[in-house]
Structures are given as C-alpha cells and as structure tokens.
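For reference, the structure discussed in these notes is given below.
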Amino acid sequence: MPSVSEAGDLSARDVLARYPTLRDDHLRYLEKWGLVRPVGKSGAARAYGFADLAVIRQTASALAEGRPFRAVVRQLEAERSGQLALDFRHETTPARILTLTPRVSQPYARGDTAPANASKAETLFHEASSLDTGDEISRARAADLYRQSLVVDPYLVAALINLGNLHYADGRLPEALALYEQATNLAPDFFEAHYNLANVLHDAGRLADAAEAYTAALAADQTHADAHFYLAVTFEKLGESAEARPHWQAYRSLAPDGTWAELAREFTENT
C-alpha cells in the first residue's frame, strides 16, 4: 500500500477539516465495516481516494441533519449488496503471551504428564518471545524456536498462540486459524487463544463463528475492553443489535477514555 505522501489523495485531516460533523473515530469505524478503504497509510495517518468521498460526504451530511451515527451506518450497509467482511488486520494486535505462568486447566491436569524436558521447551519459548516482534529475520527465527518448543512439549499452548500470531501478521490465516483452534481445544480457559481466533474468523468473514469465539474469550476475561468492542461490532453486523448493546456499555465502562468511547456512547444512547 503506498504511503500517504505518495497517494496524493485527501488525508484524514483534510477530510475532517472539510466535513466538521465527522470525527476520526467515525472514519475508522467506517473502515472496519469496509465502507471506506484508505488508499494510503503511514503510521497513524491515512489517505482516502475519490471512490470513498461519496460515502464520506453522505455520512457527514446525515450527521449534520442530526441523524444518529448508528442509523447512518445501517443505511450505508443496506445500500451495499451482500455481506461485507470485517477486516481487523490493519489495526488489531493479536494478544501475546510473554511469560509462562501456571493456568488452572493445563492439559496435564486432564491425565497427560509433562515431558521430562519441559524446562527446555520453556527456555525455547522465552527465547522466541524475545524475538517475535523484531524484524523479518528475527520473526522467522522466533517461529522456528516456537516450533522447536512444540516438538519438545506439544501441549505448550502459549507457543501455539504466539506462533499463530506470527502467521497472522504474515497474512497466513489458515495456518493461524489451525494453531488457535488447537490451542482452544487444549486449554479452553486461555483468553488469548479465543480472542485471536475470533479476529481470524472475522477476516475470513465467518461472523457467527467469530461472535462465538469473542464470547468464549470474554468468559475467560470479562475485563478486556476491546473484546467487548469487537463483539459488539460483530453482533451489529449480524443484525443483532440487542445482543450488541451490553457490550457497547461494557466498553464504555471499561474504557471511558478509549479510542471507541464516543462511538460506544452513540450506539448505546441512540436508537
């Protein structure tokens, strides 16, 4: 994707200056619904092309008339044919596991025994986790170390999750999906496995399955604000606004100053 300077189109700042009824979180929410797609990104900056200006102008005009943003999104979606897949890969960061701590329901508690050299697997895991956010060479080395740790200990769920994250970052969704599903099967109480699985399911357009995975993630950790936000978005996309409402409210409560706080307010206060 070209940088904003190369794109030569309207930047997000230009758009907001031209249409003062729009906010930046409105624009990014439209992106999450696939209703606008930036033609350039550079860090936090984004640029929009001519194809998006009609939707942007229509949204701004409706907001200027006092229409709730929720209703505007519904109208825009209705004007599109077919289901629009949500794509969180541009903004969502998979949940990582940095250190190994005992969990209540380790696979070993179900009758399996830890391998004699489990400490070697843990050493390989920690070495990998120190590399997996580095450059391409470091990430490749990290992936190899995670695989080595899983050869030693196939039940090392944290390695499955972090290796899945590396595949996800590289756009290898089937591989990430398989690893996350294996992790959830081995240890159903791992928030990270369910949350990351839900993100991949979104990218695959499997919204009903994604809602189930987000729900499972929240069963493991009710305090994760973004999980509530993404589940609310999922329910709205499925046309289940009543189910979405408590998750909009949960996001507002958990992240009153969060990125999506104003949107959550609009979706809970407006009908």
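Could you go through region 43-51 and let me know if any residue there is within 30 Å of residue 242 (Cβ to Cβ), at pLDDT below 80 and not in a loop (DSSP other than H, G, I, E, B).
no
Within region 160-189, how many residues are closer than 14 Å to residue 213 by Cα, part of a loop (DSSP other than H, G, I, E, B) and acidic (Asp, Glu)?
1
Could you say which residue among 215, 223 is surrounded by fewer than 22 Cβ atoms within 10 Å (Cβ to Cβ), polar (S, T, N, Q) and outside any helix (DSSP H, G or I)?
223
Looking for something at pLDDT below 85, within 28 Å of residue 224 (Cα to Cα) and out of contact with any strand residue (DSSP E or B) (no Cβ under 9 Å at 6 or more places or on another chain) - is there at least one such residue anywhere in region 6-28?
No, region 6-28 contains no residue that is at pLDDT below 85, within 28 Å of residue 224 (Cα to Cα) and out of contact with any strand residue (DSSP E or B) (no Cβ under 9 Å at 6 or more places or on another chain).
Here is a check on your reading of the model: is residue 32 surrounded by 19 or more Cβ atoms within 10 Å (Cβ to Cβ) and either of a type outside the set (A, V, I, L, M) or modelled with pLDDT under 75 (or both)?
The answer is yes for residue 32.
State yes or no: is residue 252 surrounded by fewer than 17 Cβ atoms within 10 Å (Cβ to Cβ), at negative phi and of a type in the set (Lys, Arg)?
On the way: surrounded by fewer than 17 Cβ atoms within 10 Å (Cβ to Cβ): no; at negative phi: yes; of a type in the set (Lys, Arg): yes.
The answer is no for residue 252.
Would you mind finding the one in 13, 74, 67 that is in a helix (DSSP H, G or I) and within 24 Å of residue 268 (Cβ to Cβ)? I'd like the intermediate steps shown before the answer.
On the way: 13 fails: within 24 Å of residue 268 (Cβ to Cβ); 67 fails: in a helix (DSSP H, G or I).
The match here is 74.
Out of region 190-209, which residues are part of a helix (DSSP H, G or I) and within 24 Å of residue 156 (Cα to Cα)?
If the condition is that a residue be part of a helix (DSSP H, G or I) and within 24 Å of residue 156 (Cα to Cα), then 191, 192, 193, 194, 195, 196, 197, 198, 199, 200, 201 are the ones that fit.
One line per residue, one yes/no per condition, for (1) touching a residue at least 40 places away in the same chain (Cβ under 8 Å); (2) buried (at least 24 other Cβ atoms within 10 Å of the Cβ); (3) over 17 Å from residue 121 (Cα atoms):
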site	(1), (2), (3)
153	no, no, no
159	no, yes, no
169	yes, no, yes
191	yes, no, yes
198	no, yes, yes
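If you take the residues in region 205-220 that are at pLDDT below 95 and not aliphatic (A, V, I, L, M), which one is farthest from residue 33 (Cα to Cα)?
Per the stated criteria, the residue is 206.
Taking the conditions exactly as written (touching a Ser or Thr at 6+ places or on another chain (Cβ under 6 Å) and either at pLDDT 75 or above or under 29 Å from residue 198 (Cα atoms) (or both)), does residue 88 satisfy them or not?
no
Filter region 248-262 down to the residues that are in contact (Cβ under 8 Å) with a residue 24 or more places away in the chain and either in the same structural domain as residue 21 (by TED's automatic domain parsing) or under 23 Å from residue 196 (Cβ atoms) (or both) and list them by number. Can you show your working first?
Quick first cut of region 248-262, residues in contact (Cβ under 8 Å) with a residue 24 or more places away in the chain only: 250-251, 254-255, 258-260, 262.
Of everything in region 248-262, those that are in contact (Cβ under 8 Å) with a residue 24 or more places away in the chain and either in the same structural domain as residue 21 (by TED's automatic domain parsing) or under 23 Å from residue 196 (Cβ atoms) (or both) turn out to be 250, 251, 254, 255, 258, 259, 260.
Only one of (1) under 23 Å from residue 219 (Cβ atoms); (2) surrounded by fewer than 24 Cβ atoms within 10 Å (Cβ to Cβ) fails for residue 176. Which number is that?
Going through (1) under 23 Å from residue 219 (Cβ atoms); (2) surrounded by fewer than 24 Cβ atoms within 10 Å (Cβ to Cβ) one by one, residue 176 breaks only (2).
Here is a check on your reading of the model: is residue 187 in the same structural domain as residue 160 (by TED's automatic domain parsing), closer than 25 Å to residue 157 by Cβ and aliphatic (A, V, I, L, M)?
Yes: the conditions hold for residue 187.
The values are calculated or read from the model by the stated rules, or taken from the named source; none is laboratory data. None of the values given here were measured: they were computed from a predicted structure. Using ideal geometry, Cβ is built from the backbone for each residue, glycine included, and neighbour counts are taken over all protein chains shown.
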